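The values are calculated or read from the model by the stated rules, or taken from the named source; none is laboratory data. What you see is a predicted model, and the numbers here were worked out from it, not measured in a lab. Here the Cβ positions follow ideal geometry from the backbone for every residue, glycine too, while neighbour counts run over all protein chains shown. The area values use the complete protein model at the heavy-atom level, side chains included, leaving out ligands, DNA and RNA. Shrake-Rupley method; radii C 1.70, N 1.55, O 1.52, S 1.80 Å.
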Amino acid sequence: MSYQVLARKWRPKTFREMVGQEHVLKALINALDHDRLHHAYLFTGTRGVGKTTIARILAKCLNCESGVSSEPCGVCGACQEIAEGRFIDLIEVDAASRTKVEDTRELLENVQYAPSRGRYKIYLIDEVHMLSTHSFNALLKTLEEPPPHVKFLLATTDPQKLPATILSRCLQFHLKNMTPERIVAHLAIVLAQELLHFEEPALWLLGRAADGSMRDALSLTDQAIAFGSGKVGEADVRAMLGSIDQGVVYELLEALSCGDGNALMAAVARTAEQATDFAGVLEELLMALHRVAVAQAVPDAVDNSGGDRDRIVALAAAFSSEDVQLYYQMGLLGRRDLPLAPDGRVGLEMALLRMLAFRPQGMPQPPVKRMPVGENNAEKKSEPAQPAVAASAREPVAGAAYVASPANVTSITRTGAAAAPVRVSEPVVSPTPARAILQAVPSRQAESIAAPVVSRATEPTPAGISPSPAAVAEVIAFEQFDNGVWVEQFHRFGLGGVLGTIASHCELRRRHDLLVEMVLDMRHAAVFDEAHTQRLQDHLRNYFGNTLKLQIDIGQPQAETPFMRRDRIRQERRAAAHAAIVADPNILLLQEGFGALLDEASIEPVDE
């Protein structure tokens, strides 16, 4: 017996076997079960989503010898003849080859005659949009008022070309594209039934290459089986499709997150050795950046279309949202300008170097507003001296409700004869509002508000942000290196990007001589490999200036990690801010006097 391709062998024979299109199947099943049948149906959608298949199943349901129902028996003569394509009362017409009005008239001459074998005479016209204008006009009257024994099933991939007079005479059903997840699940079932070995990443490649078409996915799977000698492997499918290696995309993103130009150029060089389509690399990079942005804004909405959701979530933690948006825009412009570049590699490298060069390095300084000498001098002398220029006053007070914004605080004028302006490089917090708040709160609440105040010298730096030079200058001795130092002084090690994210989830379990043992939280093991161990070991060796050996195990931390500490401080600061706002006398006055409602979920510390 000759080989039958998967797309034909696995064509659904009943509505239950259909994959997807539930919105269409529900309407048809209810119509069949309640005997509310229309005389003309129009199925639209892209290629390979099930238009003709649904029409043939509907023909079975209408002509099954056991009666009209949504579940044909599949064993009677009518069902078998329809499945084999030889049922005399199912007239399948290819409109692309019969576009003339004479063909349509010849077809309609037999409409008046009763069916020869079945219950209904069914006309299945595929690619109906190919009919000529005269053919549509000839079809109008019969399509609007056909004999009771006639049903029209129309299918098209381009409904915009159909006249409105045809559309108004049919029930329209638009079939949706298949998602990669649904295609991969179906391919796994098919290959398991066919007793063929496959790798799941290969199915994701086929699911994405099918572009929403189940028939294309099955045809590509046939090709992959032949290419791999009966096996569907990731390497074979990637070579067959000419797909971009996602590992290269992740290397580029990790290098961007760390600001490592050498790693960035090395990844491009490895890409060039594979004779890759550089426009495709930029396209894959843009798709990855889009998923990273989704992971940052709505984590639950991150799809698993590439089977790499955990890695995308890790990258989302390594980038700031501003960097992701900036890189995405630069990638779009680089892809647009790629045809103008001397060659593809130069265009890709310039787009990546532009991302690296224009990465934001910090917030701009607020402008200095100079006041004329002597202006409001009497008022300045009469006011008590404010310790605003003291170093301690510049520290943000946890839970403070009144904080001067950078736009409002531009300069500080010294009291005295000379009113020389003093430049302020960061927002200044006036101590008076905070002191008023603490006085208004009972003693226990005041203690809880003041407790989480952390100086900038010990507050952990978010991953991806380098510590200040002053902080780096205070080098930690290796003899003092324990988990307490690791957690409290994590920001001093200058770890950023994906490596910094992984390291922040590690507990320093034990240090024996030059052996350092760490435990990585098992919840983040999916994004960890041995390369991260080597990179972190090299980083610590450079920091301490010795030849320490690092060992990272996967497990459950028994003590606090840098990430846990940062999260704990953040929660404490939020709780303090909440307590300060709730106890603020002005807020209480608004609530009592005007019935104001406080949106407590929106309360955040002022410097976050």
Query - Relative contact order [Cα under 8 Å, 6+ residues apart], the stretch 182-277, whole percent - result: 22
**Report entry** Calculated from backbone phi, Karplus (6.51, -1.76, 1.60) coupling profile of the stretch 116-132 in Hz, x at Gly/Pro
**Finding:** 7, 10, x, 7, 10, 9, 10, 9, 9, 9, 8, 6, 5, 5, 7, 5, 6
Query - Cα gyration tensor, the stretch 174-324 - rounded (a/c under 1.5), prolate or oblate - result: oblate
Query raised in the report: Based on Cβ point charges of +1 for Lys and Arg and -1 for Asp and Glu, what charge dipole magnitude is obtained for the stretch 108-215 about its Cα centre, in debye rounded to the nearest 20?
Result: 460
Query raised in the report: Kirkwood hydrodynamic radius for the stretch 492-556: how many Å is it when counted over pairs of different Cα atoms?
Result: 11.9
**Report entry** Rounded FRET efficiency, nearest 0.05, which uses the C-beta distance separating Glu479 from Ser602 and R0 of 41 Å
**Finding:** 0.30
Report summary line: Quotient of Cα radius of gyration and Kirkwood radius for the stretch 122-171, i.e. Rg/Rh, equals 0.92
Query raised in the report: Expressed as cubic angstrom per residue, what is the convex hull volume of the alpha carbon set of the stretch 227-280?
Result: 76
Query raised in the report: List the GluC sites (Glu not before Pro) in the stretch 35-126 that DSSP assigns to loop (not H, G, I, E or B) and whose Cβ has at most 16 other Cβ atoms within 10 Å. Which are they?
Result: Glu65, Glu109
Report summary line: Residues whose modelled amide H sits under 5 Å from the amide H of Arg510, counting only those 5 or more places away in sequence or on another chain, are Glu517
Requested in this report: Report, by chain and number, residues whose modeled amide H sits under 5 Å from the one on Gln172, excluding near sequence neighbours (fewer than 5 apart, same chain).
Outcome: Leu42
Query raised in the report: So what's Rg/Rh here for the stretch 511-608, counting alpha carbon atoms and using the Kirkwood radius for Rh?
Result: 1.27
Requested in this report: Please say if the stretch 69-176 is rounded, prolate or oblate, where rounded means a/c under 1.5 for a ≥ b ≥ c the square roots of the C-alpha gyration tensor eigenvalues, and otherwise the choice is prolate for a/b larger than b/c and oblate otherwise?
Outcome: prolate
Query raised in the report: Ratio of Rg to Rh for the stretch 1-126, alpha carbon only, Kirkwood?
Result: 0.96
Query - Where the stretch 70-171 is the region considered: accessible area per residue in Å², 1.4 Å probe - result: 51
Report summary line: A 1.4 Å probe over the protein heavy atoms gives the stretch 60-207 a carbon and sulfur accessible-area percentage of 50
Report summary line: For the stretch 477-483, in residue order, the Karplus 3J(HN,Hα) values (coefficients 6.51, -1.76, 1.60; θ = phi - 60°; whole Hz; Gly and Pro = x) are 6, 5, 5, 8, 6, 9, 5
Report summary line: Quick note, the stretch 1-63: a/c under 1.5 would make it rounded; otherwise a/b > b/c is prolate and the rest oblate (a ≥ b ≥ c, C-alpha gyration tensor); here it is prolate
**Report entry** Positive dipole terminus of the stretch 225-275, leading residue within Tyr250, Ala263, Gly228 (C-beta point charges)
**Finding:** Gly228
Query raised in the report: Considering only protein heavy atoms and a 1.4 Å probe, what is the carbon-and-sulfur percentage of the accessible area of the stretch 1-49?
Result: 52
Report summary line: For the stretch 54-66, in residue order, the Karplus 3J(HN,Hα) values (coefficients 6.51, -1.76, 1.60; θ = phi - 60°; whole Hz; Gly and Pro = x) are 5, 4, 5, 5, 5, 4, 4, 4, 7, 10, 4, 5, 7
